[in-house]
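Notes to accompany the following structure.
The values are calculated or read from the model by the stated rules, or taken from the named source; none is laboratory data. As the structure is a computational prediction, the values presented were derived from the model and not from experiment. Cβ placement follows ideal geometry from the backbone for every residue including glycine, while neighbour counts extend to all protein chains displayed. The protein model used for the area step is the full one, side chains on, heavy atoms only, and it has no ligands, DNA or RNA in it. Shrake-Rupley method; radii C 1.70, N 1.55, O 1.52, S 1.80 Å.
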Amino acid sequence: MGYKVVVVGATGNVGREMLNILAEREFPVDEIVALASRKSLGTEVSFGDKTLTTKDLDTFDFTGWDMALFAVGSEATKKYAPKAAEAGCVVIDNSSLYRYDPDIPLIVPEVNPDAIEMYSNKNIIANPNCSTAQMVVALKPLHDRAKIKRVVVSTYQSVSGSGKDAIDELWNQTKGMYVPGQEVAPSVYPKQIAFNVIPHIDVFMDSGDTKEEWKMIAETKKIVDPSIKVTATCVRVPVFVGHSESINIEFEDFLDEDEAREILRTAPGILVVDKREDGGYVTPVECVGDFATFISRIRQDVTIENGLNLWCVSDNLRKGAALNAVQIAELLGRRVLKKG
C-alpha cells in the first residue's frame, strides 16, 4: 500500500524535478496528481514512464490525499496550503512562507529528522532555502564533533534559482553578446548576468543584508543551532544549474582538517572530492543531476584559533529544492504515516 501524492506547481522547474525524483527514488505512490494554475491547465508532465495531464489547482479537493508537495510561490501557497492541510493532506512547502513560523518544522532530513514530529501542529512542513539546505548538510556533522561558533559564507548561486525566465535571460544575453543587434537588456535581474556576477539576491533589508542572506542566517539557526553566528554574502553568477559556497567555519574546539575530511566522508548526503591537484574538486557542472552535496577544498584556516575552510557544491533544483522535499516525504512516511 502506497501514498496518494499531489504535486502543486507541476509545470515549473522544481515541480517537474519533484516528479522526476519521486519516480527515480521509487517513492511508494498509489496515486499521483499534478496540479497547475489555469494558464498551465492541461500541460503534460512526466512521471517515470507515465505522462500526467495537469489539473486545476483552484478547484482541486485535497480530501483523502496523504501529502502535497508545493512548488509554487508564497502567494499561491498562502491561499492553497491551508486548504490542503485542513483537508488532512500534509503539506511539504518549498516556498519561504512558513519557514520562520516557530510552530512549523523546517527540515533537512540528514540534519534534523526528529523535527518531523512537529508536523501535526499545522499539518505543514517547510523546505529550506536552496543555499541553506546544502550548507547545513555540511555543517551538522562538524558541529556535532567540535561545536560551531561562527560561519562566514559567500555563495555563487546559479540562475535556475530564479526560475525559467532567468535561465532564458542568461542564455539570450550570452548569445546577444556575439550578435550585433541581438543584445538583451536585463529584465529578471537588475544588471547584466551574462559574463558578470551580481551581489544581490532577493530584496534589500534595513540592515544592508539581502533577504537571501537573512534567510541563510535565520534558517541555519533554526535547523542546526540557534547559538551559531552566521554572516552571508549571496551572489548570482552566470551558471545555469548548481549553487556553490565558500564556507569559513570557526569552532569552539580544534578540529583537524584530516579528521573533518573523514567526518564528512561518512556523513549522510555528502560526497567528498578533495584532491590537491588540478581538477581535484567539484564545480557546478559536475553536480547537475546528482543527489549529493559535494565538499572540496577542506583546509585549516590558520588566521583563527579553530578554523576550517571548505567548498560546497550542490544541484539547487535537487538538494536545494525538489530532492529535499521528497526526502521529507520519505521521512514523513517512514516515521509518521507508515503506509509505504
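Some points to look at:
- Sorting the Cα pairs of the stretch 8-159 by distance into bins of 10 Å, from 0 upward, gives 10, 35, 35, 15, 4, 0 percent per bin.
- Computed on the stretch 189-294, with alpha-carbon pairs under 8 angstrom and 6+ residues apart, the relative contact order is 22 percent.
- Percent of beta bridges antiparallel (DSSP, the chain, rounded to nearest 5): 50 percent
- Working from Cα pairs under 8 Å separated by at least six residues, relative contact order for the stretch 1-99 is 29 percent.
- Relative contact order for the stretch 226-340, counting Cα pairs under 8 Å that sit 6 or more residues apart, in percent: 29 percent
- Restricting the stretch 256-340 to trypsin sites (Lys or Arg not before Pro) that sit in a DSSP loop and have at most 14 other Cβ atoms within 10 Å of their own Cβ leaves 275, 276, 338, 339.
- Rg and Dmax of the stretch 1-52, based on Cα coordinates, read 10.5, 34 Å.
- Taking the average, over residues, of other Cβ atoms within 10 Å as the packing measure, peptides 187-195, 126-134 rank 126-134, 187-195 from highest down.
- Beyond 29 Å in Cα-Cα separation lie the following of the pairs 50/339; 39/221; 147/339; 147/211; 140/211; 39/79: 39/221; 147/339.
- For the chain: accessible area per residue (Å², 1.4 Å): 44 Å²
- Here the accessible area is traced with a 1.4 Å probe on the protein chains. For the chain, carbon and sulfur cover 50 percent of it.
- Whole-number Å³ per residue for the convex hull built on Cα positions in the stretch 172-258: 140 Å³
- Rounded to the nearest 20, the size of the Cβ-charge dipole of the chain about its Cα centre is 540 debye, with Lys and Arg at +1 and Asp and Glu at -1.
- Size descriptor for the chain, Kirkwood hydrodynamic radius: 20.7 Å (Cα pairs only, one decimal).
- Note on the chain: helix-only mean residue ellipticity at 222 nm, from DSSP H runs of 4+ residues weighted -39500 (n - 2.57) and normalised by residue number, equals -8000 deg cm²/dmol.
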